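Trainee: Pasting a structure here, questions to come.
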Amino acid sequence: MTLPLLTSKFTRLLLLLLSFLSSGCRRDTIDVGEAALATAAARNPPIAAAPTATPPPITPTPPPTRTPPESTAIRYTVRPGDTLSGIAAYFGTSVEALLSLNGLRNADQLAAGQTLQVTLEAQHTGPARILIPDSDLVYGPSYRDFDTAQALRSLPGLFRDYSEEVAGETLTGPEIVERVANEYSVGPRVLLTLLELRGGWLTNADPAPEQRTFPLGYTDFPHLDGLYHQLAWAADELNVGFYGWRLDTLWLVQTEDGGYIQYATALNAGTAGVQRALAFGAADYDAWRADLERFPEVYRSLFGDPFQYTVEPLVPPDTDNPALELPWAKGETWYYTGGPHPGWGSQGAWSALDFAPPERNLGCQASARWVTAAAPGAIAVSENGMVLQDLDDDGFVGTGWVLLYLHMDAAGRVAAGTTVQTGDRIAHPSCEGGVSNATHLHFARRYNGVWMPANDVQWPLTLSGWQAQADKAPYDGFLTKNGQTRMALEDWSAQNGLRR
């Protein structure tokens, strides 16, 4: 599973390649074959209709139509050990195409650090049907009263009595769904629909062995076995599609056979997220279309019409930007080590910043320094290295502004249910939670479940007057205040030191 906060920039760039950020592509829409639909139906027979009455269909608000980018190429930086044939296979192109596009005479002209253009041509354009509202994909206001265990109590599948060890703690199926929702800010109804569509876990007490081990169909990596890993991967892919569409940085999805599919131009971000998540584990275009055809059927049989959960806009234009302070004690100097990057997972809105305490060379030992509250509010979640602070004090992390403090050591960590004031102690920074190889604080914001970019024009992340600015790559960037600048560096120096 890919989680945030790997401090190696080389590893971060590898994660960035999981999503192909822009491409203008030829359109060639075809209908899914009946055989593929029949195969998908046989794998997971239709489930019984939900016992409660389904409300009449609700027409979603038409999303704005996007224009595909003109460029048909992305840039790739050659790494030590790369071969032209390997790069061609990775991107689903040919050695001949790479040679021609880059003016190379032969495949031996590669050198580490060299930049190549890679053309990504789509064989198909995906369907334009809107599957869910944006508000159902994020863990936002529409989930305030949603209880996973209660919603599925009558279904006889494996999920009902399932449990699994996650980070040293035994969790039930509903608890795993809640943890993934809190971490990735992804809606449980969407995760559960994918789980039933691909694995049949909600209605089948004895799924086939592969569906039991890889219930979402993500079989490419053996370490993605089990419910938590599969749901976490799905949540990451849902976010890749959702924010890639929302921020206009993603136009292609890829199926297991290497084929590329261009998004239709009139989707919404929620549907783009579902299309991206279902591309992984889909053998080819027809199989992907078959899953997309079944998604609304499975969703409605579980939860009714998805558009009854519509909340628009998710971020109202008159939303106030909260006043935040640097999250450590007054008089202390901490160091800005990571510029804007994803709040959780490998991709998504660059909502997070990283800060290291002043002790040097701690490795993953917990710091003696304290992370402190950046604003007043209630602690809604405190577990597994993660603290979520609810600034509107309603007890739910899917409404209003929420602050994420990650890698918080269990010893001394503030308890859920505590109300804190600005400057009150949260926890000691460490490596706990997520993935990290050095002690630090990972800090991010969400509003109504939406990860808010740190360099957002209207709602920039500002701490004690220091305003975040992104650079071209994740983890790079600056903080500026009254003509002063601090650069994100993996170091302790005057260039990145911040005294509160």
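The values are calculated or read from the model by the stated rules, or taken from the named source; none is laboratory data. The model shown is predicted, which means the values in this text are computed figures rather than measured ones. When we count neighbours, we look across all protein chains shown, and the Cβ atoms used for this are built from the backbone with ideal geometry, even at glycine. Keep in mind that these areas ignore ligands, DNA and RNA; they rest on the heavy atoms of the full protein, side chains included. Shrake-Rupley method; radii C 1.70, N 1.55, O 1.52, S 1.80 Å.
Trainee: Mind checking which residues of the stretch 404-426 are part of a strand (DSSP E or B) and either of a type outside the set (A, V, I, L, M) or surrounded by 22 or more Cβ atoms within 10 Å (Cβ to Cβ) (or both)?
Mentor: Hits for the stretch 404-426 are LEU404, TYR405, LEU406, MET408, THR419, ARG425, ILE426.
Trainee: Still on this structure, please answer the following. Just one of the numbered conditions (1) out of contact with any Pro (no Cβ under 6 Å at 6 or more places or on another chain); (2) surrounded by 14 or more Cβ atoms within 10 Å (Cβ to Cβ); (3) closer than 30 Å to VAL402 by Cβ is not true of ASP136; which one?
Mentor: Going through the list (1) out of contact with any Pro (no Cβ under 6 Å at 6 or more places or on another chain); (2) surrounded by 14 or more Cβ atoms within 10 Å (Cβ to Cβ); (3) closer than 30 Å to VAL402 by Cβ, ASP136 breaks only (1).
Trainee: Identify, please: which residue in the stretch 137-177 is over 23 Å from the mean Cα position of the chain (by Cα) and assigned to a helix (DSSP H, G or I) and is, among those, nearest to VAL435 (Cα to Cα)?
Mentor: Looking at the filtered set, the residue picked out is PHE159.
Trainee: Report, ordered by the first and then the second residue, all pairs with beta carbons closer than 6 Å, sequence separation of six or more or different chains, a first member in the stretch 73-97 that is without any contact (Cβ under 8 Å) to a residue 12 or more places away in the chain and of a type outside the set (S, T, N, Q), and a second member that is open to solvent by less than 80 Å² (accessible area, probe 1.4 Å) and assigned to a helix (DSSP H, G or I).
Mentor: ALA88/VAL95; ALA88/LEU98
Trainee: Could you please let me know if ALA167 is closer than 23 Å to GLY385 by Cα and at pLDDT below 95?
Mentor: When the stated conditions are applied, ALA167 passes them.
Results for (1) in a helix (DSSP H, G or I); (2) at negative phi; (3) without any contact (Cβ under 8 Å) to a residue 60 or more places away in the chain, shown as yes or no for each residue.
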| position | (1), (2), (3) |
| --- | --- |
| ARG179 | yes, yes, no |
| GLU183 | yes, yes, no |
| LEU192 | yes, yes, no |
| ARG198 | yes, yes, no |
| THR219 | no, yes, no |
| GLN230 | yes, yes, yes |
| TRP233 | yes, yes, no |
| ASN239 | yes, yes, no |
| ASP248 | no, no, no |
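Trainee: Give the residues of the stretch 208-225 that are closer than 15 Å to LEU158 by Cβ and crowded, with 19+ Cβ neighbours inside 10 Å, sorted by residue number.
Mentor: GLN211, PHE214, PRO215, LEU216
For every residue, the table says whether it meets (1) in contact with a helix residue (DSSP H, G or I) (Cβ under 8 Å, 6 or more places away or on another chain); (2) assigned to a helix (DSSP H, G or I); (3) crowded, with 22+ Cβ neighbours inside 10 Å.
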site: PHE307; (1), (2), (3): no, yes, no
site: ASP318; (1), (2), (3): no, no, no
site: PHE355; (1), (2), (3): no, no, yes
site: GLU359; (1), (2), (3): no, no, no
